[in-house]
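S.K.: Below is the structure I would like to discuss, written out as structure tokens.
The values are calculated or read from the model by the stated rules, or taken from the named source; none is laboratory data. Everything numeric in this text was worked out from a predicted model, so none of it was measured. Glycine also receives a Cβ, built like all others from the backbone with ideal geometry; neighbour counts cover every protein chain displayed. With ligands, DNA and RNA removed, areas are computed over all heavy atoms of the protein, side chains included. Shrake-Rupley method; radii C 1.70, N 1.55, O 1.52, S 1.80 Å.
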Amino acid sequence: MGKYLMCKRTTPKPTHGKEISEKGKSNLQFEDLPADLICTILSKLPQKEAIRTSVLSSKWRSMWTLRSKISLDGGAVCGSRRRGQNKYCQRFINNVEKVLQNYQGKMVEAFGIKFEFDSILVDNLNKWVSFAVSARTKHLSFDLVPIRFARCDDRFIFPFELLDSGSICRLQHLQFSFISLQPPSWFGGFPNLRKLELNLVHVTRKELENMLCNCCCLEWLSMVRCHLKDDLRVDCPMSHLAYLLISCCVITKIELHATKLSTFIYEGEFVPIVLNHTSKLVNAHIFIFDAIFHHVVASLFHGLPNVHKLTLCIPDLQLENLWSLDNSLKFSCLKHIQLFAHILSHGSDKILYLAYVMRAAPFVEKVEVHFASGHSLWFAQEGPLRHELGHDEYKYLKNLCVTGFKGARGQLEFLLHVVENATALDVITVDTTERMLESDIKNDYLCSIARQTIELHIREALPPKAKLFVL
């Protein structure tokens, strides 16, 4: 808080050509600043710190209520839990009510509650939703995730009936955690909602689809641990959606029509993904727990044909022997590929087949392959030689980076295959460190031999202008 209170002795710039006298400078007080500037400064402080400014002087007693944002966190407001659950909840309720009393009749742009859900809170949570409606709130957040949420089935049922037409049209950002959404039949969505974040939310496929179809201005959608146990499908166009995150959700398929989507992140089980109309998709990050590599690639052909940068991470990567893809299917816009490949001992003989994804990206300019294997890959001699793949032409490839190099035949053959077929290569980086893992216990002696292997086999195969960096 101190860095903001330093404004008390700061001399403002002269306005309207008038100089401020030395006497005026000495008498300048923080509360003399314009109300909107004070509001901006106070909004940078946590709610608890802003309230504490009321003890500075009588003039400051209600100054903190100029904030247009209220964020009440149980841990910050009540401290650590030292009493029983009921008393702790009541203490939080009392503190929230004291704060809200000072905002009666005022506009609150952002209102947020963070507290572990308990059924005794329901009436008060409903009351706080009513407060947000009366305060003309635009950004509403209820984070009610308990510490042991896996044991809790009950959720706070969001009271749509407390919303009026004005609040429905006014809301621009909703963040719901550990809430059940059961919109009534009359509910027509939030027409001006820009951002929707759902975490551990109970909602059916049909209810979610109906709501999303009527959020015509939605730009950001995040769903984490929301188990539809059904398809996530929205048939009507989501013409403003630019960011989509789906993480750890139990769903069976993703199918959206989002022409302006630029970032897509998926983390979970392998499911069909269909985003055919996303001509502006810049980044796609796909993290799949367990899958066969070529099944994933074939699925992405159909689902993300226009992606520019593809990051594919499969912790338990399963590679198969020679497999063919439909030659008519191409990633025609793909310029940057990142592969995070966790290779177990039984997969070391199939590493070379990672090159198949490059065949499907004729305009790729940068390729990164990050290996993780522990000790099982050191100088493994299983696998085919590169001539079995035949000739390819990666004429736009300029940058190749491989980390986690362990001197395995599959890794070396992959590198040689790419280098021999990419005449425009400018930079090749080979690193023995496993960048995929936060902690990699290195064996300096084995790393030294692996680097010598690169120098011996790769440098002589380099295109004339290419530079090799061995780390």
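S.K.: Spin-label point model (7 Å from Cα, Cβ direction): what's the Cys217 to Thr423 distance in nm?
M.R.: About 5.5 nm, to one decimal.
S.K.: Separate question: Run the simple label-point estimate for Glu269 and Glu388 please: 7 Å along Cα→C-beta, distance reported in nm.
M.R.: Between Glu269 and Glu388, the label points sit 3.3 nm apart.
S.K.: I would also like to ask the following. Between Thr204 and Leu446, what is the label-to-label distance in nm when each label sits 7 Å out along the Cα-to-Cβ direction?
M.R.: 5.5 nm
S.K.: What is the extension gain from Gln90 to His346, computed as 0.36 nm multiplied by their sequence separation minus the C-alpha to C-alpha distance, in nm to one decimal?
M.R.: 86.4 nm
S.K.: Leaving out ligands and nucleic acids, note down the accessible area per residue over segment 118-212 with a 1.4 angstrom probe, in whole Å². Before the final figure, lay out each step's value.
M.R.: Values: 4280 Å² over 95 residues.
I get 45 Å² per residue for this part.
S.K.: With r defined as the distance between the Cβ atoms of Gln101 and Asn283 and R0 fixed at 56 Å, what FRET efficiency is calculated, to the nearest 0.05?
M.R.: Efficiency, from the Cβ-Cβ distance: 0.75.
S.K.: I'd like to compare 377-387, 256-266: which one has the highest average count of other Cβ atoms within 10 Å, and what's the full order after that?
M.R.: Working: 377-387: 16.0, 256-266: 20.0.
Per-residue Cβ counts within 10 Å, averaged per peptide and sorted highest first, yield 256-266, 377-387.
S.K.: For Arg136 and Ile157, FRET efficiency with R0 = 25 Å and r from the beta-carbon atoms, rounded to 0.05?
M.R.: Numbers: r = 24 Å, r/R0 = 0.94.
About 0.60, to the nearest 0.05.
S.K.: If you don't mind, another one. What does the convex hull of the alpha-carbon atoms of segment 352-471 project to on average, in nm²?
M.R.: Working: hull surface 27.4 nm².
Spelled out: convex hull of the Cα atoms, projected over all directions, averaged, 6.8 nm².
S.K.: Ranked from highest to lowest mean number of other Cβ atoms within 10 Å per residue, what is the order of the peptides 104-111, 294-301? Walk me through the numbers before you get to the answer.
M.R.: Numbers: 104-111: 14.9, 294-301: 17.9.
Result, highest mean first: 294-301, 104-111.
S.K.: Ignoring ligands, DNA and RNA, what percent of the 1.4 Å accessible area of segment 372-413 is carbon and sulfur? The partial results should precede the final answer.
M.R.: Numbers: 920 of 1840 Å².
Ligands and nucleic acids excluded, carbon and sulfur give 50 percent.
S.K.: For the pairs Lys195/Lys260; Lys106/Lys138; Lys87/Lys127; Lys309/Lys406; Lys114/Lys195; Lys206/Lys253, flag any whose C-alpha to C-alpha distance is greater than 25 Å.
M.R.: Lys309/Lys406
S.K.: What's the center-to-center distance, using Cα atoms, between segment 165-186 and segment 356-416 in Å?
M.R.: The distance from the Cα centre of segment 165-186 to that of segment 356-416 comes to 49 Å.
S.K.: Provide, as a two-decimal number, the C-alpha radius of gyration of segment 184-233 over 2.2 N^0.38 Å, N being how many residues it has.
M.R.: Here the answer is 1.10, to two decimals.
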